[in-house]
1. Using the structure shown, decide if Glu28 is of a type in the set (Asp, Glu) and at pLDDT 95 or above.
2. Go through segment 119-132 residue by residue and tally those that are in contact with a Pro (Cβ under 8 Å, 6 or more places away or on another chain) and buried (at least 16 other Cβ atoms within 10 Å of the Cβ).
3. How about segment 33-55: which of its residues are closer than 21 Å to Ser108 by Cα and either within 9 Å of the chain's Cα centre (by Cα) or among the β-branched types (Val, Ile, Thr) (or both)?
4. If Ala72 satisfies all but one of (1) closer than 22 Å to Thr29 by Cα; (2) among the small types (Gly, Ala, Ser); (3) in contact with a Pro (Cβ under 6 Å, 6 or more places away or on another chain), what's the number of the condition it fails?
5. Assess whether Lys65 counts as being basic (Lys, Arg) and either touching a Cys at 6+ places or on another chain (Cβ under 6 Å) or closer than 23 Å to Asp135 by Cβ (or both).
6. Just need a number here: residues in segment 67-109 that are closer than 15 Å to Arg137 by Cα and surrounded by 17 or more Cβ atoms within 10 Å (Cβ to Cβ).
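The values are calculated or read from the model by the stated rules, or taken from the named source; none is laboratory data. In this text the structure is predicted, and so the values were computed from the model without any measurement. Using ideal geometry, Cβ is built from the backbone for each residue, glycine included, and neighbour counts are taken over all protein chains shown.
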Amino acid sequence: MKRRFLNGLALLLGMMVIAAPFVAAKDETLEELITRAEAAQPGHQPDLYVEAADRELKLTTDSYKNNKPEEARVTLDKIVEFSDKAHSAAIKSGKRLPHTEIKIRKVSARLRDLKLNVDVDEQPLVQNAIDRLEDFRTEILKTMFGAKGHE
């Protein structure tokens, strides 16, 4: 009985140790996330930069909803910047390529949805960001599967 209790306690403590970084990451500010991404090992950078791009996407959406297109343009540029850093880190390290491609595809899809809900004057800027993200995805896919030459 005592052994069973100790095993259960050890399992619970182990789960808490494993979960602690994930709980801390949710409370982390965007600036802290970016700092952590810059200092991380190349293999861990793609996930961190994609998370930063995802957070910037939320800020972009909120800025457009609150009729603050100037702020939205800045955060839109940040989405492209962080997606670029994620894709570059994934290619350079050779790690997290499929995951990074999927995450960038999801951000791009959400930008396509956003484009339908912004002023006509803002749509080309959003489309430009989408095009850049699609270029990053293409580079990742070429790295994963190789560019096939025409014979």
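1. Considered against the rule, which asks whether it is of a type in the set (Asp, Glu) and at pLDDT 95 or above, Glu28 comes out as no.
2. 1
3. Scanning segment 33-55 gives Ile34, Pro46, Asp47, Leu48, Tyr49, Val50, Glu51, Ala52, Ala53, Asp54, Arg55.
4. (3)
5. Taking the combined requirement at face value, the residue does not satisfy it.
6. Total satisfying the criteria: 21.
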